[in-house]
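The values are calculated or read from the model by the stated rules, or taken from the named source; none is laboratory data. If you're wondering where the values come from, they're calculated on a predicted model, not measured in any experiment. Here the Cβ positions follow ideal geometry from the backbone for every residue, glycine too, while neighbour counts run over all protein chains shown. Ligands, DNA and RNA are excluded from the accessible area calculation, which covers all protein heavy atoms including side chains. Shrake-Rupley method; radii C 1.70, N 1.55, O 1.52, S 1.80 Å.
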Amino acid sequence: MNVNSPISKSNALQARVLSGTFVLLSASGLATAINFAYNIAVARFLGPTAFGHATAVYTLLILISAVTLSFQIVSAKVVAQQTLLEGKSAVYRGFHRSAWACGIIVALLLVLFQKSIADYLNLPSASLVVLLAIGVAFYVPLGSRRGYIQGAYGFRLLATNLVLEGLVRLGGSLLLIMLGFDVPGVVAANAAAIAVAYLAAAPKLAPAVPHALHIPNAFREALQAIVFFAGQVLINNCDIVLVKHFFPSTEAGLYAAVALVGRVIFAFSSAVVNTMFPLVAGTRDEERKGHRVLLTSVLLVLGIGSSLALGLRLAPAGIWTAFFGSHFAIVGKYGLPYLLALYAATTVVYSLSVVVIAYEMSYKIANTGWVQLAVSGAVIAGIYRFHSSLQQVIWIQLVLMAVLLIVVAVPFVLNALTGGKHLQTTAPAHALRVIRRVSEDEVIAEFLKTDFSNSAFEGYREGLRELVLAPHLDDAGENAKRRALLFIRHFRLWKELPEGTEWFEVEVRAADLAQIRVFPRAQWRKLARGNFSIASVVERLRTFRCHDVAEEAFLSKIAALRDGFRQDADPGAVLLIGTNESEPFTVLDGNHRLVAAILTSPETLLRFRFLCGLSPRMTECCWYRTNVATLLRYGTNLLTHVAHDPETELARLL
């Protein structure tokens, strides 16, 4: 077998995932054992009430980890995408400076609102929040350091750092408890563990380069990371905070002990995700064919989590009271084995969702993080509404985690199974002939020419007619004005195209029409009846009879265009989009004109210019492929650009 073939590369990637996962799983197992020993020791020495206080403060730290992990995952992804050490080092330096600024800001906010936080969580002293703030200042930049290590595939160093943090937390907590510091001592030990882990994770960097490194999609990468981890930490920890708020301290301490099993299982699944993420981020599309790495990761998480859940259900209750102490005994049907197994099942279901979301995030801007964030809000609302018992709190989470898994996994699985085949009405026999590469400025100029008669531009026709009809493409100022002018009507349409789309002028003959589909919106949906092939649409149009005013206006527009073509009117340019020159294309602009030309005569096609935008990520665009994922992406883009005002931008340029 050719070692450079996609299958060989996929196998190699799968092997690296398994190897890296083994390293991180081993470390996670050791770190989890240390953490488990820490929780057992703290629980035995402090008792349920004080243990509940310590766990509540630690949960605050985990909630703040949304910021820490955002820096880690973005840093890991971008570092993995750099081929040179200089590039990796430059990325890290930028993220590290920003992480320190964020860490200090979050720490100051904790100090500022220490009393309000302590009152809400029923803590004995606000000074516990101040101690936590010291650790938080180091915690956020620790994320950028671990992100560099992860992105550089330093899985052994990352594993060692995780274990070191656990050892300092355990040893420091025991020492300070023995010295009589109780809960403040445990919180101080957690802060010290973070600081030590930060200092130990200092990477070896290449000398700084004088030029700035451009990070594509930097804002969107950061946004998706923050959204992803905000949802993740809320789902994993909001229940502990809410139980601490709603339930007596003793029951809250019991629930904190139950929740430990979720953290254990999630730590193991995180080892799989942390290995998979940077390795997939550094690959090309062909190496991900078949999604074998995703399948491997899902099976690992499912196998580990299911085994732990089953073991917890079968374990006798006496084991847990022996570990935690007699104060943690729960009498009756819903004892510790039941609650532990139920919580474990909930975490396994959620972990599977995280694997799917993280896999998509590793190679594109994924919108499933927004779904997770919405579900985290539903979890909070559900627990606020239903909290009559501890088992009810867990059942609410299990049901919502199952919903999340279905929502994020089913569209991905369907898309993987179909492989986009539903887009093709017939298999193309050949690629379109590329005439030349064109700039985006030229495409915008041609788009604006054909659309300038629209009423949206009425107030600009007199003053900007020459700018539109006689463009100077070498004038950057003119190009900026035309872009702003086009965006008055087509901002949302244009911003949906993948960043980095390349444009070409291509030749389209009558034989190529089988590869072209009309724009899947508005009147075209009713006319196409599910088959958007332009040849099929033209045949339907020949026998179409209108039934309302909108359909009559549609047919009148086609008829007017046909009359113009018979009088040798300039048809302008038609804009197509696709993944490459051999796959199906969608008409982005020029649907009416192209259909009218085909109805008039095949020779009319020769009078058009065809400009084609190509990107391997075009399947993420809802104009090219419409499904739940692309519509969610469209909705996210609308929210991202909601404040953009093209008319104000044009006024500034003019």
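Structural remarks
- Residue check, Phe323 open to solvent by less than 20 Å² (accessible area, probe 1.4 Å), modelled with pLDDT under 70, in contact with a Lys or Arg (Cβ under 9 Å, 6 or more places away or on another chain) and at negative phi: no
- Being in contact with a strand residue (DSSP E or B) (Cβ under 6 Å, 6 or more places away or on another chain), crowded, with 18+ Cβ neighbours inside 10 Å and of a type in the set (A, V, I, L, M, F, W, C) is a condition met by at least one residue of the range 588-606.
- Selection status of Val243, over 29 Å from Thr619 (Cα atoms) and either at pLDDT 70 or above or open to solvent by 10 Å² or more (accessible area, probe 1.4 Å) (or both): yes
- In the range 620-654, of all residues being modelled with pLDDT under 80 and not in a helix (DSSP H, G or I), the one that is farthest from Val227 (Cα to Cα) corresponds to Leu654.
- Count of the range 474-525 residues which are open to solvent by less than 40 Å² (accessible area, probe 1.4 Å), closer than 19 Å to Leu631 by Cβ and assigned to a helix (DSSP H, G or I): 5
- Residue match in the range 565-575 (condition: out of contact with any His (no Cβ under 6 Å at 6 or more places or on another chain), part of a helix (DSSP H, G or I), more than 22 Å from Val443 (Cα to Cα) and open to solvent by less than 20 Å² (accessible area, probe 1.4 Å)): yes
Let's see how each residue does on (1) touching a Leu at 6+ places or on another chain (Cβ under 6 Å); (2) in a loop (DSSP other than H, G, I, E, B); (3) at pLDDT below 80; (4) surrounded by fewer than 21 Cβ atoms within 10 Å (Cβ to Cβ):
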site: Tyr198; (1), (2), (3), (4): yes, no, no, no
site: Ala202; (1), (2), (3), (4): no, yes, no, yes
site: His211; (1), (2), (3), (4): no, yes, yes, yes
site: Gln224; (1), (2), (3), (4): no, no, yes, no
site: Leu234; (1), (2), (3), (4): no, no, no, yes
site: Asn237; (1), (2), (3), (4): yes, no, yes, no
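- Residues in the range 102-150 that are touching a His at 6+ places or on another chain (Cβ under 9 Å), in a helix (DSSP H, G or I) and open to solvent by 10 Å² or more (accessible area, probe 1.4 Å): Tyr120, Arg145, Tyr148.
- Scanning the range 376-392 for residues that are open to solvent by 40 Å² or more (accessible area, probe 1.4 Å), outside any helix (DSSP H, G or I) and small (Gly, Ala, Ser) yields a single hit, Ser388.
- Hits in the range 83-101 (condition: open to solvent by less than 50 Å² (accessible area, probe 1.4 Å) and at pLDDT below 85): Gly87, Lys88, Ser89, Ala90, Val91, Tyr92, Gly94, Phe95
- Residue that is open to solvent by less than 50 Å² (accessible area, probe 1.4 Å), touching a Pro at 6+ places or on another chain (Cβ under 9 Å) and part of a helix (DSSP H, G or I), where the choices are Ala31, Ala80: Ala80
- Selection status of Arg617, of a type in the set (Lys, Arg) and modelled with pLDDT of 80 or more: yes
- Qualifying residue in the range 551-567 (condition: at pLDDT 75 or above, of a type outside the set (Lys, Arg) and closer than 16 Å to Leu513 by Cβ): no
- In the range 607-634, residue farthest from Val518 (Cα to Cα) [restricted to those that are open to solvent by less than 30 Å² (accessible area, probe 1.4 Å) and under 15 Å from the mean Cα position of the chain (by Cα)]: Arg633
- Check on Val163, within 22 Å of Ala107 (Cα to Cα) and open to solvent by less than 50 Å² (accessible area, probe 1.4 Å): no
- The set of residues from the range 403-423 being open to solvent by 70 Å² or more (accessible area, probe 1.4 Å) and modelled with pLDDT under 60 comprises Leu417, Lys421, His422.
- Complete set of residues in the range 45-99 that are among the charged types (D, E, K, R) and either more than 30 Å from Val111 (Cα to Cα) or without any contact (Cβ under 8 Å) to a residue 40 or more places away in the chain (or both): Lys77, Glu86, Lys88, Arg97
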